[in-house]
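Undergrad: Below is a structure I'd like to ask you about.
The values are calculated or read from the model by the stated rules, or taken from the named source; none is laboratory data. As the structure is a computational prediction, the values presented were derived from the model and not from experiment. Because the Cβ atoms are built from the backbone with ideal geometry, glycine has one as well, and the counts that use them run over all protein chains shown.
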Amino acid sequence: MPIVSDDGTLVVASARAIDNKDRWLVAVDPETGKTRVVDALHDDAWVREIGGFSFAEPSGFGWLADQKHVWFLSERDGWMHLYSVDATAPNETARQLTQGKWEIESAALSADKKKFYITSTEVHPGERHIYSMPASGDVGGERTKLTSMTGATSGEVSPDDSTIALIYSASTKPHEVYVMPNRPGAVAKQVTTTPTDEWRSFKWVEPQLITYKTRDGVDVYARLYTPEMMGARRDPAAPAVVFVHGAGYAQNAHKYWPSYYREYMFHNLLASKGYVVLDPDYRASSGYGRDWRTAIYRHMGGKDLDDVVDGAKYLVDKQKVNAKRIGVYGGSYGGFITLMAMFTSPDTFAAGAALRPVTDWSHYNHGYTSNILNEPHTDSEAYRKSSPIYFAEGLKGSLLILHGMVDTNVLFQDSVRLVQRLIELRKENWSVAPYPVENHGFEEETSWADEYKRILKLFDDTLKNHDARRAS
């Protein structure tokens with residue numbers, strides 16, 4: 001949304017190029033309609049959205065107190081940070097207010113416009129904390145950390161600046177509302193309790209947050225679940241499962257309650273049954289900077305898939321799982337990666353469950369896909385090498401496809417076309433579960449239960465058996 005100065009003489013708006021490789025902050029004179037670029041950002045891949053996810057400024061930019069300078073969030077130095085620029089002066093260079101290999105997720109000014117409140121990953125990529133900092137500071141200026149609970153905290157400051165209302169969660173603790181005095185070291189008081197007594201009576205495991213090295217030498221953060229965490233016995237040749245989270249721009253290897261809470265509970269179940277489970281933040285996951293975000297440019301199923309395959313190698317080398325008893329599963333983008341893993345790295349995974357998967361990116365949402373793969377008529381190579389349907393002949397292991405028939409995000413036709421391709425290839429080691437009343441995110445409890453029962457049966461049948469052999 002555009003922002004208007006208090007006296008109504010100047011409007012600042014955000015504009016983007018049609019290919020999303022350029023973003024401009026533009027000053028507009030409302031009387032004459034004349035425009036002037038205040039700040040410009042170019043990315044050879046695609047420019048990231050600048051909106052925040054908490055506090056009161058959904059636009060990701062706003063006016064400072066002098067009504068001349070505009071603050072905004074930008075990935076200019078490779079990480080999402082805070083900047084300001086004089087919107088009334090021509091050829092002004094933006095001033096960087098925060099710096100470091102961490103990300104600001106949201107920012108807003110206090111009611112008196114004297115300080116910023118920001119939510120950032122400064123402590124750890126898997127944590128979110130609230131800080132305050134002077135609105136007139138320089139780069140690297142003093143920040144005051146206001147929250148201390150391990151996990152993720154977002155919040156809203158009261159109009160008189162005395163109190164912060166918080167939403168807080170931890171790895172084993174779903175989101176709750178807290179309130180705390182607006183000062184460093186203050187204790188936050190919990191004011192809601194949402195889980196049932198039955199749910200809280202179960203000993204939910206806190207996954208271990210680990211890193212592992214990839215083939216190109218970078219560290220991938222991941223959640224690790226082991227049988228020992230659940231008090232279960234680990235088989236000397238333990239089976240393992242790699243979970244691949246979805247996309248849009250997501251993170252799951254963190255210290256707070258996951259949006260993938262059903263999968264979290266499923267991973268508790270798998271660990272209790274003797275599985276080792278790995279949940280990695282592969283390349284293109286959020287929270288790790290611009291280079292990580294854009295590593296899939298022109299090749300989805302490239303470095304992101306490498307990270308998943310290297311995760312399986314970590315499980316063999318460090319967790320001593322049986323290399324012939326590793327499965328993979330995920331939904332949406334995770335379903336797509338599952339298919340790419342089963343088709344292009346068939347000797348790594350013995351079984352895979354692809355939930356609502358994209359099978360051909362040329363049929364998917366143009367606004368999302370064109371950022372990453374450009375236009376299908378100008379970069380057909382990127383679409384072809386990123387689409388699983390072109391690699392289906394590589395299938396060796398056991399594949400389960402699950403898809404809602406009224407999916408308005410990833411259309412059911414994607415799975416139908418892949419099924420036809422598997423028939424044409426005379427593949428026999430696959431099955432499909434259609435869900436007639438379900439959209440992209442299932443709504444019926446019975447559908448969720450059926451889906452996870454089928455995934456569990458797939459893994460038990462193909463991975464738990466010591467004599468399991470890969471299908472040819």
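Undergrad: Report yes if ALA247 is outside any loop (DSSP other than H, G, I, E, B) and surrounded by 22 or more Cβ atoms within 10 Å (Cβ to Cβ), otherwise no.
TA: no
Undergrad: Could you please find all residues in the stretch 291-328 being charged (D, E, K, R) and under 15 Å from SER386 (Cα atoms)?
TA: Passing the criteria: ARG298, LYS303, ASP304, ASP306.
Undergrad: Answer yes or no: is there a residue in the stretch 172-180 that is in contact (Cβ under 8 Å) with a residue 40 or more places away in the chain and in contact with a strand residue (DSSP E or B) (Cβ under 8 Å, 6 or more places away or on another chain).
TA: Yes, the stretch 172-180 contains a residue that is in contact (Cβ under 8 Å) with a residue 40 or more places away in the chain and in contact with a strand residue (DSSP E or B) (Cβ under 8 Å, 6 or more places away or on another chain).
One line per residue, one yes/no per condition, for (1) outside the structural domain of SER285 (by TED's automatic domain parsing); (2) without any contact (Cβ under 8 Å) to a residue 40 or more places away in the chain; (3) under 30 Å from THR226 (Cα atoms):
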position: ASP317; (1), (2), (3): no, yes, yes
position: LYS320; (1), (2), (3): no, no, yes
position: GLY331; (1), (2), (3): no, no, yes
position: ARG356; (1), (2), (3): no, no, yes
position: GLU393; (1), (2), (3): no, no, no
position: GLY404; (1), (2), (3): no, no, no
position: ASP407; (1), (2), (3): no, no, no
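Undergrad: Need a quick list: strands (runs of 3 or more DSSP E) entirely within the stretch 83-152 having at least 2 residues that are of a type in the set (Phe, Trp, Tyr).
TA: 115-120
Undergrad: Can you pull out the residues in the stretch 409-444 that are without any contact (Cβ under 8 Å) to a residue 12 or more places away in the chain and closer than 18 Å to TRP361 by Cα?
TA: Within the stretch 409-444, VAL416, GLN420 meet the criteria.
Undergrad: Name the residues in the stretch 53-68 that are of a type outside the set (Ser, Thr, Tyr), buried (at least 16 other Cβ atoms within 10 Å of the Cβ) and at pLDDT below 50, would you?
TA: PHE55, GLU57
Undergrad: Confirm whether TYR178 is within 27 Å of the chain's Cα centre (by Cα), farther than 28 Å from ARG200 by Cβ and not charged (D, E, K, R).
TA: In short, no.
Undergrad: So which residues in the stretch 393-446 are touching an Asp or Glu at 6+ places or on another chain (Cβ under 8 Å), in a loop (DSSP other than H, G, I, E, B) and not basic (Lys, Arg), if there are any at all?
TA: Result: MET405, VAL406, ASP407, LEU425, VAL437, GLU438, ASN439, HIS440, PHE442, GLU444.
Undergrad: Taking PRO174, is it assigned by TED's automatic domain parsing to the domain that holds ILE130 and not β-branched (Val, Ile, Thr)?
TA: yes
Undergrad: Could you please let me know if ARG298 is surrounded by fewer than 24 Cβ atoms within 10 Å (Cβ to Cβ) and in a loop (DSSP other than H, G, I, E, B)?
TA: In short, yes.
Undergrad: Now for a different question. What number of residues within the stretch 96-145 are over 25 Å from the mean Cα position of the chain (by Cα) and either farther than 12 Å from LEU64 by Cβ or of a type in the set (D, E, K, R) (or both)?
TA: 15
Undergrad: Could you list, in sequence order, all residues of the stretch 193-217 that are basic (Lys, Arg), in a loop (DSSP other than H, G, I, E, B) and modelled with pLDDT of 95 or more?
TA: Within the stretch 193-217, ARG215 is the sole residue that qualifies.
Undergrad: Now for a different question. Just for the stretch 69-95: of the residues that are under 26 Å from the mean Cα position of the chain (by Cα), over 22 Å from ALA250 (Cβ atoms) and not hydrophobic (A, V, I, L, M, F, W, C), which one is surrounded by the most Cβ atoms within 10 Å (Cβ to Cβ)?
TA: Top of the filtered list is TYR83.
Undergrad: Which residues, taken from the stretch 15-27, are over 24 Å from the mean Cα position of the chain (by Cα) and surrounded by 16 or more Cβ atoms within 10 Å (Cβ to Cβ)?
TA: TRP24, LEU25, VAL26, ALA27
Undergrad: For the stretch 367-384, which positions are surrounded by 17 or more Cβ atoms within 10 Å (Cβ to Cβ) and either assigned to a helix (DSSP H, G or I) or in contact with a Pro (Cβ under 9 Å, 6 or more places away or on another chain) (or both)?
TA: Within the stretch 367-384, THR369, SER370, ASN371, ILE372, LEU373, ALA382, TYR383 meet the criteria.
Undergrad: Condition first: touching a residue at least 60 places away in the same chain (Cβ under 8 Å), crowded, with 18+ Cβ neighbours inside 10 Å and within 30 Å of ARG290 (Cβ to Cβ). Can you find one or more residues in the stretch 234-242 that meet it?
TA: Looking through the stretch 234-242, at least one residue is touching a residue at least 60 places away in the same chain (Cβ under 8 Å), crowded, with 18+ Cβ neighbours inside 10 Å and within 30 Å of ARG290 (Cβ to Cβ).
Undergrad: If you check ARG384 against the conditions, is it of a type in the set (Lys, Arg), under 23 Å from the mean Cα position of the chain (by Cα) and modelled with pLDDT of 95 or more?
TA: no
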